[in-house]
Amino acid sequence: MQQQEKKPTLVLYGNCQLSCAKYILECLPRITDQFDIGFGTSIEIDNGIDDYNCVDQEILKRCQFLVEQIAEEEMASRFVPFSQTELLPKDVKRYKIPSLSGALYWPTHFHDFRNKDYRELEKYSGKGPYPVGDRVINNMIRDGADPNTVAQEYIESDFGALMNLARLFEMWNYCGTQRDLDSDIQIHSYVLENLQKKQLFYTIRHPTMEMMAVYVASILDALGLLYSTYWDDVQKITYDPIEEYHFPVHPSIGASYGMEWITPEKTYRHYNNGSFSFPEFIYRYAHFTH
């Protein structure tokens, strides 16, 4: 019996956003009928694995398209460039795509020091109960302030008065525009046009599924693979691989930027513990409730 010839591959190299893109692509029969989907992470992690950032060699040898992500500025120090060019076919087509950043929403975002005692808990994906938090709250907790006082002061804060949010927008917009200019695939204009109308990020680097669907569409369009029923197929995907944890956007920041989707009724998911309003979430976070 003749052995079936293996399909060419479409390989993504980048952060968790391209890992999510891989999941979406693998849910699309029109794409998986043509390609096997490969992925390699571009983020440096000290886990003792020498080839952690390498893509499977067999996958690379069949590579027809390689999509490489340009690092967001804050993550540049942990970015590992693609280093396996010698394994690629000579006729491979390579594309650069910018990483997505929600830094505008969370100007005081912070990786909470309290997570270190809980990373062994499987239900929090090895990252702890609050993998992305807030520097202002963290500093007050470190100084020994009462969590109830911390939460209430934070909730009542006016970030528009405390920070130059107009300057923050200018910097965020400049960086997003520059990543687009350095890429073959552009996405920042969509983010810019829609950030007031709809939620585009769950946390600073985790886009919503709607945002990711646009991201994947931009990849397929650049590769000449976008098809007429793509959006119908995406709507059938019921699981969102990076939706399990949200962090609230402070209402004063939302008001400063005219974000229509931030309302008193808006809730934010905390894994399987439930979804909570902005004040509820902040009180739980200050107390590190999980």
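The values are calculated or read from the model by the stated rules, or taken from the named source; none is laboratory data. Fair warning: this is a prediction, and the values are worked out from it, not measured in the lab. Cβ sites come from the backbone with ideal geometry, for glycine too, and all protein chains shown count toward neighbours.
If only one of Pro241, Pro264, Pro248 is touching a helix residue (DSSP H, G or I) at 6+ places or on another chain (Cβ under 6 Å) and free of Cβ contacts under 8 Å to residues at least 60 places away in the same chain, which one is it?
It is Pro248.
Looking at the stretch 75-132, which of its residues are among the aromatic types (Phe, Trp, Tyr), part of a loop (DSSP other than H, G, I, E, B) and more than 15 Å from the chain's Cα centre (by Cα)?
Matches in the stretch 75-132: Phe82, Tyr118, Tyr130.
Could you look through the stretch 48-104, keep only residues that are among the polar types (S, T, N, Q) and touching a residue at least 12 places away in the same chain (Cβ under 8 Å), and pick out the one that is nearest to Phe201 (Cα to Cα)?
In this case the residue turns out to be Ser101.
Check Lys90, Lys116, Lys96, Lys22 and return the single one that is loosely packed, with under 13 Cβ neighbours inside 10 Å and modelled with pLDDT of 95 or more. Outline the logic, then answer.
On the way: Lys116 fails: modelled with pLDDT of 95 or more; Lys96 fails: loosely packed, with under 13 Cβ neighbours inside 10 Å; Lys22 fails: loosely packed, with under 13 Cβ neighbours inside 10 Å.
Among Lys90, Lys116, Lys96, Lys22, only Lys90 is loosely packed, with under 13 Cβ neighbours inside 10 Å and modelled with pLDDT of 95 or more.
Here's the yes/no breakdown for (1) within 17 Å of Ile24 (Cα to Cα); (2) in a helix (DSSP H, G or I):
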position: Val191; (1), (2): no, yes
position: Gln199; (1), (2): no, no
position: Leu220; (1), (2): yes, yes
position: Ser228; (1), (2): yes, no
position: Glu243; (1), (2): yes, no
position: Arg269; (1), (2): no, no
position: Arg284; (1), (2): no, yes
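So is Gln64 under 24 Å from Phe110 (Cβ atoms) and part of a strand (DSSP E or B) or not?
no
Given the structure, is Ile137 β-branched (Val, Ile, Thr) and within 29 Å of Ser256 (Cα to Cα)?
Answer is yes for this residue.
Let's see how each residue does on (1) over 20 Å from Glu260 (Cβ atoms); (2) not in a loop (DSSP other than H, G, I, E, B):
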{"position": "Gly144", "(1), (2)": "yes, no"}
{"position": "Val150", "(1), (2)": "yes, yes"}
{"position": "Gly160", "(1), (2)": "no, yes"}
{"position": "Leu168", "(1), (2)": "no, yes"}
{"position": "Gly176", "(1), (2)": "yes, yes"}
{"position": "Glu210", "(1), (2)": "no, yes"}
{"position": "Ala213", "(1), (2)": "yes, yes"}
{"position": "Val216", "(1), (2)": "yes, yes"}
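Select from the stretch 245-267 the residues that are under 16 Å from Val132 (Cα atoms) and outside any loop (DSSP other than H, G, I, E, B) and list them in ascending order.
Within the stretch 245-267, just Tyr245 meets the criteria.
Taking the condition under 24 Å from Met212 (Cβ atoms), in a helix (DSSP H, G or I) and among the charged types (D, E, K, R), does Asp180 pass?
yes
Just give me the residues in the stretch 187-217 being surrounded by fewer than 16 Cβ atoms within 10 Å (Cβ to Cβ) and in contact (Cβ under 8 Å) with a residue 40 or more places away in the chain, in sequence order.
The answer is Gln196, Lys197, Lys198.
Would you pick out the residues in the stretch 137-165 that are over 22 Å from Pro264 (Cα atoms), in contact (Cβ under 8 Å) with a residue 12 or more places away in the chain and hydrophobic (A, V, I, L, M, F, W, C)?
Residues satisfying the conditions are Met140, Ile141, Met163.
Report whether or not Arg167 is surrounded by fewer than 16 Cβ atoms within 10 Å (Cβ to Cβ) and at pLDDT below 95. Break it down stepwise before answering.
On the way: surrounded by fewer than 16 Cβ atoms within 10 Å (Cβ to Cβ): yes; at pLDDT below 95: no.
No.
Looking only at the stretch 224-256, how many residues end up being exposed (fewer than 11 other Cβ atoms within 10 Å of the Cβ) and under 16 Å from the mean Cα position of the chain (by Cα)?
So the count comes out to 1.
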